[in-house]
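I have placed the structure first, in the form of structure tokens, so that the comments after it can refer back to it.
The values are calculated or read from the model by the stated rules, or taken from the named source; none is laboratory data. All of these numbers come straight from a predicted model, not from anything done at the bench. Neighbour counts run over all protein chains shown; Cβ positions are idealised from the backbone, glycine included.
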């Protein structure tokens with residue numbers, strides 16, 4: 001063949017000839033092309049450009065991370081939270097397409113007003129993230145009825161009514177995403193969190209049932225279920241965050257971490273990444289599901 005270069009044949013090793021076998025390996029290594037270690041990109045980037053996302057409890061902790069992740073995916077974000085000061089700080093991180101709505105979602109009158117304002121402001125809300133949640137960890141029998149009902153209103157009734165108010169607009173336009181942040185307390189139970197677990201379990205039931213009603217209208221309904229999630233810094237904790245009352249001593253945290261197969265507890269960013277995916281076009285065929293984001297803490 002024109003231009004071909006004759007290469008000297010490589011002698012085959014003889015059985016038992018260790019010297020020749022080692023020589024062959026050395027010659028082959030000398031001819032090998034060095035491997036380049038490259039980080040290969042899948043080329044998949046989540047884009048929510050042109051979508052409007054409402055994030056409840058979006059001022060701090062998990063909600064803060066969700067709001068910033070959605071903003072980084074180019075969504076227009078509305079942070080609904082009762083802590084306006086902390087919400088404004090989060091909005092500043094998200095950029096100019098982010099606004100704040102000050103609302104206490106445990107107050108049904110304020111909730112109705114928020115739904116009306118969102119409908120008036122936007123032709124349709126594309127994405128609803130039911131993130132707001134709160135628990136006061138005490139034995140069930142030590143809580144009075146008002147304390148129990150506060151947890152139920154905030155963790156279940158609020159998400160149900162907000163979803164009911166905004167999903168019709170999603171269905172009318174043929175596209176929508178509802179993602180609720182539940183809790184492993186709702187799947188596995190937790191001492192001192194009976195009403196909270198019941199409410200979060202109700203959110204999981206709502207997720208499964210509603211998916212059957214709105215799926216044919218292009219609306220998916222899913223949930224993520226975190227285990228313990230701890231912010232990386234004090235800046236992520238607002239005055240109304242339940243993290244304010246859940247700071248644990250280092251020796252207790254060390255014991256807790258040992259129960260997680262991945263060797264750490266969760267961060268808000270872990271949850272936000274899962275939520276952002278479920279809001280995306282890539283998750284269009286996923287609905288009625290609960291995604292545990294728990295580091296293997298619960299495996300059922």
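Annotations for the structure displayed:
- Unique residue being over 20 Å from residue 115 (Cβ atoms), touching a helix residue (DSSP H, G or I) at 6+ places or on another chain (Cβ under 8 Å), in a helix (DSSP H, G or I) and without any contact (Cβ under 8 Å) to a residue 60 or more places away in the chain when the list is 169, 186: 186
- Just one of the numbered conditions (1) under 20 Å from the mean Cα position of the chain (by Cα); (2) surrounded by 24 or more Cβ atoms within 10 Å (Cβ to Cβ); (3) under 20 Å from residue 166 (Cβ atoms) is not true of residue 64: (3).
- If only residues of the stretch 263-294 that are over 22 Å from residue 67 (Cα atoms) and in contact with a strand residue (DSSP E or B) (Cβ under 9 Å, 6 or more places away or on another chain) are counted, the one that is surrounded by the most Cβ atoms within 10 Å (Cβ to Cβ) is 288.
- Test: residue in the stretch 116-126 that is modelled with pLDDT of 95 or more, surrounded by 18 or more Cβ atoms within 10 Å (Cβ to Cβ), more than 20 Å from the chain's Cα centre (by Cα) and not in a strand (DSSP E or B): yes
- Of the residues making up the stretch 214-229, those that are part of a strand (DSSP E or B), more than 11 Å from residue 275 (Cβ to Cβ) and modelled with pLDDT under 95 are 225, 229.
- Against the conditions (1) surrounded by fewer than 18 Cβ atoms within 10 Å (Cβ to Cβ); (2) in contact with a helix residue (DSSP H, G or I) (Cβ under 8 Å, 6 or more places away or on another chain); (3) modelled with pLDDT of 80 or more, residue 251 satisfies every one except (2).
- Here residue 233 meets the list (1) under 18 Å from the mean Cα position of the chain (by Cα); (2) modelled with pLDDT under 80 almost entirely, failing just condition (1).
- Condition check for residue 179: surrounded by 18 or more Cβ atoms within 10 Å (Cβ to Cβ), outside any helix (DSSP H, G or I), out of contact with any strand residue (DSSP E or B) (no Cβ under 7 Å at 6 or more places or on another chain) and in contact (Cβ under 8 Å) with a residue 60 or more places away in the chain: no
- Checklist (1) farther than 18 Å from residue 103 by Cα; (2) within 20 Å of the chain's Cα centre (by Cα) applied to residue 141, failing item: (2)
- The stretch 85-99: number of residues that are in contact with a strand residue (DSSP E or B) (Cβ under 6 Å, 6 or more places away or on another chain), in contact (Cβ under 8 Å) with a residue 24 or more places away in the chain and not in a helix (DSSP H, G or I): 2
- Hits in the stretch 135-146 - residues which are closer than 28 Å to residue 116 by Cα and surrounded by fewer than 17 Cβ atoms within 10 Å (Cβ to Cβ): 146
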